[in-house]
Amino acid sequence: MGQRKDGDGSNAWPVIPVKYFGQYCPIGQVLYGGVMKTSPAAVSSETESPPATSKRQAILNAAADVFAEDGFAAASIDAIAARAGVSRQTVYNQLGDKDNLFKVVVAEITEKSSADFFRVLDTFPVAPIDLETELTEFSARLLRKAVCDPNGRWLRKLVETEGGRFPELFETWKEYGPGKKYPAIAARLAQLALAGHLDIEDPALAARQYMALLATDLRINQQIGRQTPEEEVDRMAREATKTFLRAFAKRQAPGVGSAPVTTAE
């Protein structure tokens with residue numbers, strides 16, 4: 001098992017194996033469906049995981065595991081310290097109490113999830129030659145990253161299980177997760193509308209509808225533990241894009257700039 005490294009090679013979450021508890025992802029990342037049992041820092045391998053680059057990172061990795069396994073309320077600093085191989089006092093010295101530690105874990109994983117999302121968003125076709133083809137290709141990339149990203153999946157599960165009881169702990173997630181991603185999609189769709197490719201009155205609503213069309217079928221598969229083949233991901237992206245464009249593609253006035261439509265006899 002390797003590690004995905006950030007720019008300077010530090011603070012990297014371990015790369016996750018292909019399958020866990022019967023859940024599959026078409027690009028070989030673990031999906032955390034059903035009962036939350038694992039986190040982006042989790043290890044499932046016959047070999048030892050590489051050592052963390054610092055005590056702080058070891059604590060964060062351990063905390064992600066313990067919070068995922070036990071939930072916030074049941075997680076203890078003692079369990080996190082034991083998992084990290086450090087003393088209880090080291091946890092407090094490095095990251096403070098449990099509330100603060102949880103906030104830092106959520107913030108770091110949210111940041112990593114958002115960074116992956118925005119790397120894909122950089123490929124959005126803002127000046128397309130063939131809108132349907134290019135938006136379909138982008139949709140497939142986004143579908144794989146937005147839905148199969150283990151960081152995002154872990155965060156969604158934490159929100160489902162802990163958000164109602166501890167809403168204050170998810171301010172960072174709300175601000176930097178959905179709070180940044182959907183407006184970013186909306187901004188790209190607005191660019192296409194301004195350029196005459198789309199007919200959109202409310203880009204924010206269109207962005208939510210686009211993401212819903214894109215992700216629904218794959219998330220259903222995840223919930224029931226069904227493997228989604230690569231070609232089916234491509235089909236989902238293609239059908240979602242077609243449906244979206246039927247609703248929002250710019251309609252050309254009859255007889256303006258186009259040849260008369262003819263049908264074969």
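Within the shell defined by Cβ-Cβ distances under 14 Å, the residues around SER76 carry a net charge of -3, with Lys and Arg each +1 and Asp and Glu each -1. Taking the Cβ of VAL91 as the center, what net charge do the other residues with Cβ under 11 Å away carry, scoring Lys and Arg +1 and Asp and Glu -1? Taking every Cβ under 11 Å from that of VAL91, the sum is +3. Which net charge results when you count Lys and Arg as +1 and Asp and Glu as -1 among the other residues whose beta-carbon is under 15 Å from that of ALA204? Combined, the nearby Lys, Arg, Asp and Glu give +2. For the residue pairs LYS55/LYS180; LYS157/LYS181; LYS181/LYS250, alpha carbon separations beyond 29 Å are given by LYS55/LYS180. Scoring 59-72, 106-119, 195-208 by mean Cβ neighbours within 10 Å over their residues and listing the highest first yields 59-72, 106-119, 195-208. From the P(r) of the range 74-153, can you give the percent of Cα pairs sitting at distances over 16 Å? The share of Cα pairs beyond 16 Å in the range 74-153 comes to 64 percent. Between GLU232 and ASP122, the C-beta separation translates, for a Förster distance of 30 Å, into a calculated FRET efficiency of about 0.70.
Every number here is computed from the coordinates shown, using simple stated rules; none is lab data. Bear in mind the structure is a predicted one, so any value in this text is a computation, not a measurement. Methodologically, a virtual Cβ is constructed for each residue, glycine included, from the backbone with ideal geometry; neighbour enumeration extends over all protein chains shown.
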